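Structure record follows, encoded as structure tokens.
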Amino acid sequence: MVRRSQTSNPRSAVVLTSGADWRTRAAGQRRGSGAEFPLPRRQAAKIKALQQTIGVIRMAINAKRRPQARYMLSRAGALVKALPADLTTQEREQLSLLRKKFEARGTAAAKKPKSIPAARSGGKKTAAKKSTATAAQKPAPAPMPDLGNRYINRAALGYAPADEA
């Protein structure tokens, strides 16, 4: 008997199998990667779809929807491959930052993304020089809070001087 595989995931492939062998049926179902969706034909539409995808990725990562973010990251990768590199420099930088944020789940990098520098259209890219003065300085320790004069009853704690005991 031929049955349709039972799944509520719309992105999974429908597999026709026979019998009730759940292992082989589950192996036939694969998760959609996001790269198989139809691409827009025009270049402007592809760029717009890429920007919308980046917005959805950012929202999914902030809302901690990891499966949706994974799917949209692969979809954005397919869009980036279909576009010329000189038109998508900003989008590529944003995607790389979002991928780092997606991979760094509970670390500090996931909480504070670095600011994106202004993208240059072309030409030589020079490395930023580090200032030696800022590298040599160590941050000053935080000052201790003033707790005021507090009275501790040392006699009640058993620390009274020996002559008073």
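Key figures for this structure:
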quantity	calculated
Residues that are free of Cβ contacts under 8 Å to residues at least 60 places away in the same chain, in a helix (DSSP H, G or I) and either buried (at least 20 other Cβ atoms within 10 Å of the Cβ) or at positive phi (or both), drawn from the range 55-72	Ile57, Ala60, Ile61, Ala69, Met72
Any chance Arg25 is at pLDDT below 90, open to solvent by less than 80 Å² (accessible area, probe 1.4 Å) and part of a helix (DSSP H, G or I)	yes
Top-ranked residue of the range 73-94 - restricted to ones that are within 25 Å of Arg105 (Cα to Cα) and charged (D, E, K, R), ranked as most open to solvent (accessible area, probe 1.4 Å)	Arg92
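The values are calculated or read from the model by the stated rules, or taken from the named source; none is laboratory data. Keep in mind that what you see is a predicted model, and the values were worked out from it rather than measured. For neighbour counting, all protein chains shown are included, and Cβ atoms are generated from backbone atoms with ideal geometry for every residue, glycine included. In case anyone asks, the SASA skips ligands and DNA or RNA and just uses the protein heavy atoms, side chains included. Shrake-Rupley method; radii C 1.70, N 1.55, O 1.52, S 1.80 Å.
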